[in-house]
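The values are calculated or read from the model by the stated rules, or taken from the named source; none is laboratory data. Worth saying up front: this structure is predicted, and the values here are computed from it rather than measured. Counting neighbours? That spans all protein chains shown, and the Cβs are built from the backbone with ideal geometry, glycine included. Protein only, heavy atoms only, side chains kept; ligands, DNA and RNA dropped before computing areas. Shrake-Rupley method; radii C 1.70, N 1.55, O 1.52, S 1.80 Å.
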Amino acid sequence: MGDDTDAKEKDGDALQYVQYDGSKEETYLPAIRQLISKDLSEPYSIYVYRYFLYQWGDLCYMALDSANELIGVVVCKLEPHRSGPFRGYIAMLAVRESHRGKGIATKLVCMAIDAMAARDADEIVLETEVTNTASLKLYERLGFLRSKRLHRYYLNGNAAFRLILYMKEGTALKRPPGMETAPAGQMMGGPPKMEEYRGFAQDVGVGEQAFVT
Amino acid sequence: MADPSLLHHDAAARDTDAPIASNGTGPAFASAESSSFAQTSLPLRQAPRRGAPPQIHDVTEKFTRACQALDVGQLIKDEYFTLFESIGAIEIMDAKMDSGFLQPGETLEDDFDLLAPLLPEELIGIMDQLLSYEMAWHTGYPLSQTLFTSVYIDRLLYPEPKTIPQAQFYRGDIPDDKRPGTLLDVLRAYCLALIKGCDYVIAKIMARDYFEEEDFATHTYNRVLFVQVPIDVFLRELDASVEMIEDSDLKIDDELRSAIIARLHFRKSFLCALDPECPLELLSNFWPPVLPHVDKVNDTQHLGRTVPGSFSTKIQRRLASTVPPRPIVEVEFKDALQTLKQLCADCEEATRFKDLPTDPLEYQSFLWTFASRQPAPLTYSRSYLSNILFDPYILNAPVSLPLEDVKSFVFHESPILDPANWALSPPRNPLMPKPPRLQFALLIDEFVERVGQPYLDLWVALGQNRCRLRRMLTHVIIAWDMLQQDAVFVDADLVVHALQLNIAEEVMDSPLLTWVYIKKLWMIEKVIILGFEQDIYLPDEHAGMYYFLSLTAGKRKDALQRCAEHLSERCIQFVQKSRYQDTNDTDKKLAFIDSELQQATGISAFAKALHGFYVIANYLHLLPCPGRPFSTEELRYELRMKPFLTLQPPEVPPFEEFQTALQPYGAYSDPKPSINDDLKQEHSLPWTNIDASLKAAKDAFADVKKRGAKGAKAKGVEQAWNKETQGMLASCVALGVAVAGLKSAVKNTELGRGPQLKVELPTVDKRYVGGWVVPKIVKE
Ligand SMILES: CC(C)(COP(=O)(O)OP(=O)(O)OC[C@H]1O[C@@H](n2cnc3c(N)ncnc32)[C@H](O)[C@@H]1OP(=O)(O)O)[C@@H](O)C(=O)NCCC(=O)NCCS
C-alpha cells in the first residue's frame, strides 16, 4: 500500500462511509481487489467481485478517506438459502493495515447488517479462520455465535468457524417454500414410515443447513 | 471471509454434511437382510468422458462483438450459476491464476536431466524428500503440491507406461552409455513402491465415507498409479534393489549403504502394511515391523543431500490447467516422520478392533475412543478402522449387532427373544392369527431391520473427522428420533401379545422406545460435549450449555433407572422360580446398566455443578460478555437449540424455563439485591446446590471407576477409558477448588465492586477432559 507513513495525517481525517455503486466500478474495483487480495493466499478473479457487486452492490460499503482512497470494505450477498431462511452472507471484509483497531470494520459490518435487516434477512452468516482474533471479536461483539467448526477449511490447512446471527424468531425452523410442514430431517413430508427412512445419505442436496446448527 | 480454497473446490461436497463418497456397506449385519444398506450411494465424481474428438470453432470475433454490448461490471449469468462456480473462474494471463502463463524468458519445462548419475547422498536426500511429501499428502494436501512435483515420479507415470518395465526415467530406446546406473535403478524401485502405496491408500480411503479435499485429496490428475499391478512386482523390485546395494562390488561407503538399505526395507514393510488385500486376521502382523525401519531412516537422515531441480512446480501445468499454480508444500522431515509414526501407531491400534468381543457396545467404545485419540488420527487411519469395522466378518456376525445392543439394556432372558419363537411356523391358513410367540419374532425382526440404517449412520459418523462428527451426529439424532416414533408402535404390539400369553410382567414397559431414547440422548450429550471441545460456545454461554447437558444426561439417567428397576424385578422373579442361572446372568447385565447409570448420573451432576458455577460467574461479571446490539437472548437460544428443536419428546426447554434456570436472580446486569447476601453465605442455595451436585458427581464417577472398563463395556480401550474416568474425577476436584476460591473471595468483597478475581478458562489442551471446561480462579 506504501502509504503507512502518512497514515497519521489521515487519522485526523473523518472517514466517509459510502455504499458501492456499480457505475463507479472503474474507480473502486481495483482498490477493493487490492485491499481484499492482500489477505488471501490466492487472488479471486474479477468475476468473483462482479458476482457480488453486480447483484448486491447495495450491500457493499466502503470507508474512504478525504482523498477518496479506499480504507476499508465489506462485501455481502443476500438470497434464500436452500434450507429455507433468507440468508445474508458476509463474503469479504478488510481494513487497511494502517487503520485497523479503530472500529472501521465494525462500522462497515453494522451498515451491512442494517441494510440486510431492512431487506428482511432471517440470518447472516460468514466464515472466519479460528485464529483470526480480530475478526472473531468484532463479529461476536455484535451478536454472532459460532455454529460449527470446519475442518481444514482454508488452503493453508487451517480450520474455520462458521458464525451466525439470527435476525428473526422462527429462523431455525424455516423451510423452503413447499416444505413448510416437514420437520427437519424429514423432507418428504407426512408422518415418518418405517420403509421411507433410508438414512441421511439421501438428504444430500437438501443441504446441511436444514439440520445442523 | 469466503474461503479462498473454495476456488476450485467441489462446491457441493463442501457445503453439505453428508459424506460425498460412500459405498454400500454390504449385507446387513442384522439378522434380516436389508437392501437399503447396499444403497447409501451418493453423487460420485464424474469420470472424464472419452470418445469422439472435440470439434473446435473459433468464436473470437462473435465473442468480441457481443462483449461490446456490455457495460463495465455487468454480469451475464443464469439463475443456476452459483457463487462456487464463479469462484472457480480464473483470469487467463494473470500469473497468479493462470498456471500456463510464462513470465518473460521462463521456460515451460525444467531441463533437469533425469538420467544424470546420482551420488548415494543424493539418493538418500531424494528418498527422504519424497517421504516428506508423501506424509504432507496424508495430512490433506493434493498430490500436485506434494509427490507429483517430483520429476522422477512424473516420468515414471507419464507418458503412461503399459508395463512396469516400461516405467523408466526415460521412454523408448536409449544408448547403453546413457542407461541409468545402479543408484537410479534403486530410486526407480523406491518410487514404484511409493506410487503403489499411494494407490493402496486411495483405494482404502475411497472405500469408506470421507470428504474429498477436506479430509484428503484422492485426485491423481489422470495418472494411473499402477492400479492393475500386483504387489509382488513391487516387492521384487525392492528386493532386487537391496541386493544391488548389498553387492560388495558396489563401491559405496558402508554408512550410506546401510542407510539406503534401511529406506528400501522401510518401503517394503510399509507397502505390505498398506496392502488392502491383507486378510483381517493378519492385519496386526504388518504394522509393528514398520517402526524400527522408520527409526533407522530417522537416524540417517543427516546423510542425505538434496538435489536441486528434482522437484518442480512446473509439473503442475501438465496436471490440472484449471487450478492456479500453487506452491510446493513445505514440510520438515522431522514432522513428516512424526506423522508417519502416528499413522503406523493409529493403524496398529485399529487392528485391535478385530479382537474385541462380539459386542456392539464394545465396538462403540472403541470407535469413540479412537476418534478421540490425540493427535487426531489421519484420514487413512480412520478409513483403515472403518474398513475393519465394515468387514463382512465383523458386520455379518452370527448375532444381530443392533439386537445385542438392545439386549444389553432392555431384554434380559426375555421371553420375547426366546430362540424358540423363531422356530415357530405360521399357521397354514393365512386367515388364522399367528401364535403370539411367532409374533414376537416377527416384530423383533422388523424392528431390527428398521434399526439397521440409523445404527450404521452412528458408526459412520464416529469414523469422521472431529468437526464432522459433531455435525453428522446432529443428523443421526434426527434419524434416531424417527426411529423412536416407530419403536412406540412395535412396543405396543409386543404388549398385546405378551398379554395374550399372560407374561406381561416379564416384559419391560416400552422396551424398544427406552432403548432408542437412551441412545439418542447419549448422542445429544456428545454433540454438546464436542461443542465445548471445539470451542463453539463462548464463555457466557457455558452456563446455558452445561445446563442443557445436565438436563439431557438426567433424562438418560431416568431411562436407565427404569431399565435397572426392570432388571431387579426380573431377578426377583427368577429367584422365586428358582432359575438361578438366569438370576446370575441378569446380575451381570445389571452391572453394565449400573455402570451406565452412574456415568449418566455423574455427567448430569457435574454439568449441573458447572452450570451453577458459571451462573454465579456471570452475575459477578467474571466472564466476557459481548454487548451484542444486533441480537437477543431468545434469538441466540433458538440458534443454539436448532439441531434439537424438532425432537420428540421435546428436549429443548421453553425459553422462559431456560432463562429462569440461568438467571435465578434476574438479569445479570441488574440482579435482585438478595443475591448479595446469598453469595456471601456459604450455606445459601446457590452454593449448596453446587456442592451437592459436585459431591454427587464425584461419587458417581468413583463408582464408575470402581466398576472398571469391563463394566462399562470398554474393555477393549481400557487404558484410555481409565484415563478419561480419572480425568472426570480430577475435573470434579478442580471445580471444587474453583468453587472454594470464588466463595471465599466473594465473602470478603462487596458485590459490584468486583472482587479482584479472574476466571481463567483452560484451552482444550489444558483440560483434564476436552469437553469439560473447568475454570480456574485467579486472584489479581
Ligand atoms: C478483521 C479486520 C477487518 C478488522 O478491522 P478493524 O477496523 O481493525 O476492526 P475494528 O477496529 O472494528 O475491531 C476489531 C477488534 O478486534 C480487536 N483486535 C484486533 N486485533 C486483535 C488481536 N490480535 N487480538 C485481539 N483483539 C484484536 C481490536 O482491538 C478491536 O476490538 P476493540 O474495539 O475491542 O479494541 C482487519 O483486521 C482486517 O482487515 N483483517 C484482514 C482481513 C480479515 O481478516 N477479514 C475478516 C475475515 S471475514
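For the range B:653-677, name all the residues that are touching a residue at least 12 places away in the same chain (Cβ under 8 Å) and over 36 Å from the mean Cα position of the chain (by Cα).
Residues of the range B:653-677 touching a residue at least 12 places away in the same chain (Cβ under 8 Å): B:653, B:655, B:658-659, B:661-665, B:668, B:671, B:675-676.
Residues satisfying the conditions are B:Q663, B:P664, B:Y665, B:Y668, B:P671, B:I675, B:N676.
Please enumerate the residues belonging to the range B:417-459 that are farther than 30 Å from B:R470 by Cβ and small (G, A, S). Give the steps one after another, and end with the answer.
Here is the first cut: in the range B:417-459, the residues farther than 30 Å from B:R470 by Cβ are B:417-446.
Of everything in the range B:417-459, those that are farther than 30 Å from B:R470 by Cβ and small (G, A, S) turn out to be B:A420, B:A423, B:S425, B:A441.
Out of all the residues in the range A:89-106, is one or more within 12 Å of another protein chain (Cβ to nearest Cβ) and touching an Asp or Glu at 6+ places or on another chain (Cβ under 7 Å)?
Within the range A:89-106, the first condition is being within 12 Å of another protein chain (Cβ to nearest Cβ), and the residues that meet it are A:89-94, A:105-106.
Then keep just the ones that are touching an Asp or Glu at 6+ places or on another chain (Cβ under 7 Å); that gives A:94.
The answer is yes, given that some residue of the range A:89-106 is within 12 Å of another protein chain (Cβ to nearest Cβ) and touching an Asp or Glu at 6+ places or on another chain (Cβ under 7 Å).
If we keep just the residues of the range A:3-48 that are in a helix (DSSP H, G or I) and among the hydrophobic types (A, V, I, L, M, F, W, C), which is modelled with the lowest pLDDT?
Looking only at the range A:3-48, we keep the residues that are in a helix (DSSP H, G or I), and these are A:4-11, A:22-37, A:46-48.
Remaining after also requiring among the hydrophobic types (A, V, I, L, M, F, W, C): A:7, A:29, A:31-32, A:35-36, A:46, A:48.
On the way: A:A7: 43, A:L29: 96, A:A31: 97, A:I32: 97, A:L35: 97, A:I36: 97, A:I46: 92, A:V48: 94.
Across the range A:3-48, the extreme among qualifying residues is A:A7.
Does A:A159 count as facing chain B (nearest Cβ under 9 Å), in contact with a Leu (Cβ under 9 Å, 6 or more places away or on another chain), within 30 Å of B:A217 (Cα to Cα) and at pLDDT 95 or above?
Numbers: facing chain B (nearest Cβ under 9 Å): yes; in contact with a Leu (Cβ under 9 Å, 6 or more places away or on another chain): yes; within 30 Å of B:A217 (Cα to Cα): yes; at pLDDT 95 or above: yes.
Taking the combined requirement at face value, the residue satisfies it.
Picking from A:V109, A:V130, which residue would you name as being within 12 Å of chain B (Cβ to nearest Cβ), surrounded by fewer than 19 Cβ atoms within 10 Å (Cβ to Cβ) and not basic (K, R)?
Details: A:V109 fails: surrounded by fewer than 19 Cβ atoms within 10 Å (Cβ to Cβ).
Sole residue among the options that is within 12 Å of chain B (Cβ to nearest Cβ), surrounded by fewer than 19 Cβ atoms within 10 Å (Cβ to Cβ) and not basic (K, R): A:V130.
Please work out which residue is nearest to the other protein chains (Cβ to nearest Cβ), limiting yourself to the range B:88-124 and to residues that are of a type outside the set (D, E, K, R) and in a helix (DSSP H, G or I). Walk me through it before giving the result.
First, pick out the residues of the range B:88-124 that are of a type outside the set (D, E, K, R): B:88-90, B:92-93, B:95, B:97, B:99-105, B:107-108, B:112, B:114-120, B:123-124.
With in a helix (DSSP H, G or I) added as a condition, the list becomes B:120, B:123-124.
Working: B:P120: 34, B:L123: 30, B:I124: 28 Å.
That would be B:I124.
Specify which of the listed residues (A:R96, A:R100, A:R50, A:R119) is more than 25 Å from A:S23 (Cβ to Cβ) and among the basic types (K, R). Give the steps one after another, and end with the answer.
Numbers: A:R96 fails: more than 25 Å from A:S23 (Cβ to Cβ); A:R50 fails: more than 25 Å from A:S23 (Cβ to Cβ); A:R119 fails: more than 25 Å from A:S23 (Cβ to Cβ).
So the residue among A:R96, A:R100, A:R50, A:R119 that is more than 25 Å from A:S23 (Cβ to Cβ) and among the basic types (K, R) is A:R100.
Within the range B:676-733, can you find the residues that are of a type in the set (G, A, S), within 16 Å of B:G612 (Cβ to Cβ) and open to solvent by less than 30 Å² (accessible area, probe 1.4 Å)?
If we filter the range B:676-733 for residues that are of a type in the set (G, A, S), which is where we start, we get B:684, B:692-693, B:696-697, B:700, B:702, B:708-709, B:711-712, B:714, B:716, B:720, B:727, B:730-731.
This time we only want the ones that are within 16 Å of B:G612 (Cβ to Cβ), so: B:684, B:692-693, B:696-697, B:731.
Within the range B:676-733, B:S684, B:S693, B:A697, B:S731 meet the criteria.
Residues being open to solvent by less than 10 Å² (accessible area, probe 1.4 Å) and free of Cβ contacts under 8 Å to residues at least 40 places away in the same chain: count how many of those fall in the range B:332-349.
1
With respect to the numbered conditions (1) among the hydroxyl-bearing types (S, T, Y); (2) crowded, with 17+ Cβ neighbours inside 10 Å; (3) out of contact with any strand residue (DSSP E or B) (no Cβ under 8 Å at 6 or more places or on another chain), which one is the sole condition not fulfilled by B:S248?
Answer for B:S248: the failing condition is (2).
With respect to A:I71, is the statement that it is within 11 Å of chain B (Cβ to nearest Cβ), of a type in the set (A, V, I, L, M, F, W, C) and farther than 26 Å from B:L530 by Cα true? Steps first, answer last, please.
Numbers: within 11 Å of chain B (Cβ to nearest Cβ): no; of a type in the set (A, V, I, L, M, F, W, C): yes; farther than 26 Å from B:L530 by Cα: yes.
In short, no.
Given the criteria at pLDDT 95 or above and within 14 Å of chain A (Cβ to nearest Cβ), does B:V496 qualify?
Numbers: at pLDDT 95 or above: yes; within 14 Å of chain A (Cβ to nearest Cβ): no.
Taking the combined requirement at face value, the residue does not satisfy it.
Please work out which one of (1) within 14 Å of another protein chain (Cβ to nearest Cβ); (2) in a loop (DSSP other than H, G, I, E, B) is the condition B:F84 fails and give its number.
Every condition holds for B:F84 apart from (2).
Counting residues that are over 12 Å from the mean Cα position of the chain (by Cα) and either within 16 Å of the ligand (Cβ to nearest atom) or polar (S, T, N, Q) (or both), which strands (runs of 3 or more DSSP E) fully inside the range A:49-151 reach at least 3? Explain how you work it out, then say what you get.
Numbers: elements: A:61-64, A:70-80, A:86-95, A:123-129, A:145-150.
The qualifying strands (runs of 3 or more DSSP E) are A:61-64, A:70-80, A:145-150.
Can you tell me which condition B:A609 does not meet? The list is (1) in a helix (DSSP H, G or I); (2) more than 36 Å from the chain's Cα centre (by Cα), and all the others hold.
Evaluating B:A609 over (1) in a helix (DSSP H, G or I); (2) more than 36 Å from the chain's Cα centre (by Cα) leaves (2) as the failure.
Out of all the residues in the range A:162-179, which are more than 7 Å from chain B (Cβ to nearest Cβ) and either in contact with a Ser or Thr (Cβ under 6 Å, 6 or more places away or on another chain) or open to solvent by 10 Å² or more (accessible area, probe 1.4 Å) (or both)?
Within the range A:162-179, A:R162, A:M167, A:K168, A:G170, A:K174, A:R175, A:P176, A:P177, A:G178, A:M179 meet the criteria.
Could you go through the range B:636-655 and let me know if any residue there is more than 14 Å from every other protein chain (Cβ to nearest Cβ) and either within 18 Å of B:G736 (Cβ to Cβ) or not in a loop (DSSP other than H, G, I, E, B) (or both).
Checking the range B:636-655: not a single residue is more than 14 Å from every other protein chain (Cβ to nearest Cβ) and either within 18 Å of B:G736 (Cβ to Cβ) or not in a loop (DSSP other than H, G, I, E, B) (or both).
Going through B:F266, B:F234 one at a time, which residue ends up being crowded, with 21+ Cβ neighbours inside 10 Å, without any contact (Cβ under 8 Å) to a residue 40 or more places away in the chain and assigned to a helix (DSSP H, G or I)?
Values: B:F234 fails: without any contact (Cβ under 8 Å) to a residue 40 or more places away in the chain.
After applying the criteria, what remains is B:F266.
Within 13 Å of chain A (Cβ to nearest Cβ), open to solvent by 20 Å² or more (accessible area, probe 1.4 Å) and touching a residue at least 12 places away in the same chain (Cβ under 8 Å) - does that describe any residue in the range B:420-436?
Narrowing the range B:420-436 to residues within 13 Å of chain A (Cβ to nearest Cβ): none.
No, every residue in the range B:420-436 fails to be within 13 Å of chain A (Cβ to nearest Cβ), open to solvent by 20 Å² or more (accessible area, probe 1.4 Å) and touching a residue at least 12 places away in the same chain (Cβ under 8 Å).
I'd like the full set of residues that are surrounded by 10 or more Cβ atoms within 10 Å (Cβ to Cβ) and of a type outside the set (G, A, S), limited to the range B:77-91.
Let us first name the residues in the range B:77-91 that are surrounded by 10 or more Cβ atoms within 10 Å (Cβ to Cβ), namely B:77, B:81-91.
Passing the criteria: B:K77, B:F81, B:T82, B:L83, B:F84, B:E85, B:I87, B:I90, B:E91.
With the requirement that a residue be free of Cβ contacts under 8 Å to residues at least 60 places away in the same chain and touching a Leu at 6+ places or on another chain (Cβ under 9 Å), what does the range B:607-632 give you? Full working, then the answer.
Filtering the range B:607-632 for residues free of Cβ contacts under 8 Å to residues at least 60 places away in the same chain gives B:627-632.
Across the range B:607-632, the qualifying residues are B:G627, B:R628, B:P629, B:F630, B:S631.
Does B:M97 meet the test of being touching a residue at least 40 places away in the same chain (Cβ under 8 Å), crowded, with 18+ Cβ neighbours inside 10 Å and over 30 Å from A:P30 (Cα atoms)? Spell out the reasoning first.
Numbers: touching a residue at least 40 places away in the same chain (Cβ under 8 Å): yes; crowded, with 18+ Cβ neighbours inside 10 Å: yes; over 30 Å from A:P30 (Cα atoms): no.
So B:M97 fails the test.
So that you can scan it fast, the table gives a plain yes or no per residue for (1) over 30 Å from B:E213 (Cβ atoms); (2) out of contact with any Phe, Trp or Tyr (no Cβ under 9 Å at 6 or more places or on another chain); (3) of a type in the set (V, I, T):
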| position | (1), (2), (3) |
| --- | --- |
| B:S408 | yes, no, no |
| B:P415 | yes, no, no |
| B:D418 | yes, no, no |
| B:A423 | yes, yes, no |
| B:L443 | yes, yes, no |
| B:L458 | no, no, no |
| B:V476 | no, no, yes |
| B:A479 | no, no, no |
